[in-house]
Every structure is written in C-alpha cells, then in structure tokens.
Amino acid sequence: MVKSGKSFELLREVDHDGVLEAECGCCRLKEKCTQDYIVEVKNLHVGIWVCGLCSEVLKEHLSKNPEITMEEAVNGHREICHKLMRNLKSVTIPSLVTNPLAFHRENRPL
C-alpha cells in the first residue's frame, strides 16, 4: 500500500496483474488502473492523481480560463470537492428534500 502526502490518493494493489486501485485527490472516487496510467495522469495534473470526471472538469475549466495554471485549477477544484464532501456529511435527507433551493444556495461552489 502506498500513500502520497501531496495528493492524498491511496493506491492499493487489487490483483496480481499490477492493477491498482487509485483514489482521486479531488473527489475521492476510486478507480482501478495500471501503474503506467497512474503515472501518466499524475504527470498531467501536477503530481496529483485525478479521476476521469475531475480530469474533464479541469480540462473545461482551463479551456475557459487560459490565464490560470494547471496547479491553480487542480487546487481550486480540490478545494470545492473537499468543501462539498464536508457539507454533504452534515446534510440530513429531510433538509435537502424539504428545501432544495436553500441547500443549493448555501452549498454552491465559489
């Protein structure tokens, strides 16, 4: 088992063929992939392994904001994901169902 302090992803070998389970440094989604793919993705995203969903968000964000760096984009996206995860842990289903607009206003990204 390998832990990376910078990106917080968790890599765990899941089979004897060298396939690893990697955890996204942004949203914590887990994917099974090869070590080569993990290295490729980390090289594209300033040393942080990101899942395919977050990678697409980052690509779109960079295309709309060419003045920012990949590092700024990754850090901003990670912050939003982590804030959302913290907020969702404290949400009760009844409050979300009975007042979804208030929930959205209080929890929308920056």
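The values are calculated or read from the model by the stated rules, or taken from the named source; none is laboratory data. Predicted, not measured: the structure shown is a model, and the values here were computed from it. In this analysis, Cβ positions are derived from the backbone assuming ideal geometry, glycine residues included, and neighbour counts consider all displayed protein chains.
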Residues in segment 37-71 that are within 11 Å of the chain's Cα centre (by Cα), surrounded by fewer than 17 Cβ atoms within 10 Å (Cβ to Cβ) and in contact (Cβ under 8 Å) with a residue 24 or more places away in the chain total 1
K6, sole failed condition from (1) at pLDDT below 95; (2) surrounded by 11 or more Cβ atoms within 10 Å (Cβ to Cβ); (3) closer than 20 Å to I80 by Cα; (4) of a type outside the set (S, T, N, Q): (2)
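Within the bounds of segment 16-36, is there any residue that is of a type in the set (K, R) and at pLDDT 95 or above? Before the answer, list the steps.
To start, the set of residues in segment 16-36 that are of a type in the set (K, R) comprises 28, 30, 32.
Next, only the ones that are at pLDDT 95 or above stay: none.
The answer is no, given that none of the residues of segment 16-36 is of a type in the set (K, R) and at pLDDT 95 or above.
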Pair list, Cβ under 6 Å, 6 or more apart: segment 72-85 residue over 19 Å from L44 (Cα atoms), other residue surrounded by fewer than 17 Cβ atoms within 10 Å (Cβ to Cβ): I80/P109
